[in-house]
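K.L.:
Before anything else, here's the structure in question.
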Amino acid sequence: PDGMFHMVWTTGWWEKGIGYAHSRDLLKWSEQKCIEVMAHEGKAKNCWAPEVFYDEANGQYLIFWASTIPGRFPETEKKGDNNHRIYYVATKDFESFSRAKLLYEHGFNVIDATIVRDGRQYLMFLKDETVHPPQKNIRLATAKAAEGPYSEPSQAITGQYWAEGPTAIKIGDTWFVYFDKYRERSYGVVVSKDLKNWADVSDKLQFPKGSRHGTILQVSNRVLDKLMGKEQAALPNVLIIGDSISIGYFPSVKELLEDKAVVVHNPGNAQHTRFGLDKLDQWLGQSKWDVIHFNHGLHDLKYVDEKGKNVPVEKGRQQVPIDEYEKNLEELVKRLKSTGAALIFASTTPVPDGTGIRVQGDAKKYNVVAERVMKKHGVAVNDLYSFAMLRLGEIQRPKNVHFNDAGSRLLAEQVAVAILSKLE
């Protein structure tokens, strides 16, 4: 969702951290770093087969993996050489992480989990790692939320062979689950239309020799062409900076401009102007940006307590008062102009009545200040506020600053038009 490919990996057999790097094109990668996800667990033996899933409903990434903690689940400690359960952390920016929690525990040794969304439910394909009696097969669990709770596992969906490392994709109305037949040194695949009845079609599968523990992911034609070494003209780079409103419309903007620009979003939620000033250099990185479309506002005008926690209006204060908001925007604009990019400020979208932590009408007040700053510095304004107001009842969720899917798509179209006007 932020225009980045995020990769995690096992750093060693007996480590308490996992490796992490990111890339925009799968060719040039950031510096590798170790995320010490289990450093607080003194007895933790390992962190195996981590994966990343974007939890769109909560605007966060989940990183999950398998760990053995001796003594934690004594009832199954003698059924294998390890006694794994699936744990996870959440992050919005791959800089700060929640404390590790248990994600899957149903009384057996489990590794190699992968999560995909299927409409309103979440599917977790996993490996039953039980050794005594031997299982070593792939099963399916479901949940109504990405963080669970997940159901008891299904019966094995793989056959009478040892399988691990599942990865799943739905093509048309059919689910394909690929996996590593590691004892046979080959890949396998099972298919299903209803997630209940599975057919093994491994005999139709062709994979490069030596393939192990792969992951399916969707990429644009442009990324694929670069991976295959095809020559192509460089496209302009566009950076979108913003909060959850922009996170909502970003995928459609990226799609609309796929053949016209490389569009990325700042990692996670850009929040308020103080946060933006602190993170701006990190978001800009070393890239040469042609257009930067940015916004802060909804997190500035919301009400919080002394610790920065959301509270009802009558019990708190605005996170960034309007006079400070103006000063912060001044500084942000100066720093953004130094990049040489064409700048577009997106006006803050409307605040409806009944949100509890924001006051209806404050968005308009903050926009007046923002427009004054932009006019002073010659920065174009994409008036998403006025656009949304004309059809607010149709596109915004009740008593909520966020938009429905149709609303996010309409906003994306306006953003794409504004960006194209600067690229032409």
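K.L.:
Go through segment 177-205 and count every residue that is in a strand (DSSP E or B) and without any contact (Cβ under 8 Å) to a residue 24 or more places away in the chain.
P.N.:
5
K.L.:
A further question follows. Looking at G268, G276, can you tell me which residue is buried (at least 19 other Cβ atoms within 10 Å of the Cβ), under 26 Å from the mean Cα position of the chain (by Cα), modelled with pLDDT under 95 and not aromatic (F, W, Y)?
P.N.:
After applying the criteria, what remains is G268.
K.L.:
Give segment 73-113 a look and list any residue that's among the aromatic types (F, W, Y) and closer than 30 Å to P1 by Cβ, or say none.
P.N.:
Listed by number, the residues that qualify are Y87, Y88, F94, F97, Y104.
K.L.:
Quick one: which residue in K337, K376 is farther than 19 Å from I245 by Cβ and over 29 Å from the mean Cα position of the chain (by Cα)?
P.N.:
None of the other options fit; the residue is K376.
K.L.:
Counting only residues that are within 17 Å of E129 (Cβ to Cβ) and either out of contact with any strand residue (DSSP E or B) (no Cβ under 9 Å at 6 or more places or on another chain) or in a loop (DSSP other than H, G, I, E, B) (or both), how many does segment 161-176 have?
P.N.:
Of the residues in segment 161-176, 3 are within 17 Å of E129 (Cβ to Cβ) and either out of contact with any strand residue (DSSP E or B) (no Cβ under 9 Å at 6 or more places or on another chain) or in a loop (DSSP other than H, G, I, E, B) (or both).
K.L.:
Six or more apart or on different chains, Cβ under 9 Å: which pairs go from a residue in segment 367-378 that's surrounded by 14 or more Cβ atoms within 10 Å (Cβ to Cβ) to one that's among the hydroxyl-bearing types (S, T, Y) and assigned to a helix (DSSP H, G or I)? Could you list them?
P.N.:
So the pair list comes out as N367/Y385; V369/Y325; A370/Y325.
K.L.:
Right, here's the next one. When you scan segment 243-262, do you find a residue that is closer than 26 Å to L301 by Cβ, part of a loop (DSSP other than H, G, I, E, B) and touching a residue at least 60 places away in the same chain (Cβ under 8 Å), even just one?
P.N.:
Scanning segment 243-262, I find no residue that is closer than 26 Å to L301 by Cβ, part of a loop (DSSP other than H, G, I, E, B) and touching a residue at least 60 places away in the same chain (Cβ under 8 Å), so the answer is no.
K.L.:
Please indicate, with yes or no, whether at least one residue in segment 345-363 is surrounded by 20 or more Cβ atoms within 10 Å (Cβ to Cβ), among the basic types (K, R) and modelled with pLDDT of 95 or more.
P.N.:
Yes.
K.L.:
On to the next question. Collect the residues in segment 13-38 that are small (G, A, S) and at pLDDT 95 or above, keeping them in residue-number order.
P.N.:
G17, G19, A21
The values are calculated or read from the model by the stated rules, or taken from the named source; none is laboratory data. Treat the numbers as computed from the prediction; the structure is a model and nothing was measured. Cβ coordinates were reconstructed from backbone atoms using ideal geometry, including for glycine residues, and neighbour counts include every protein chain displayed.
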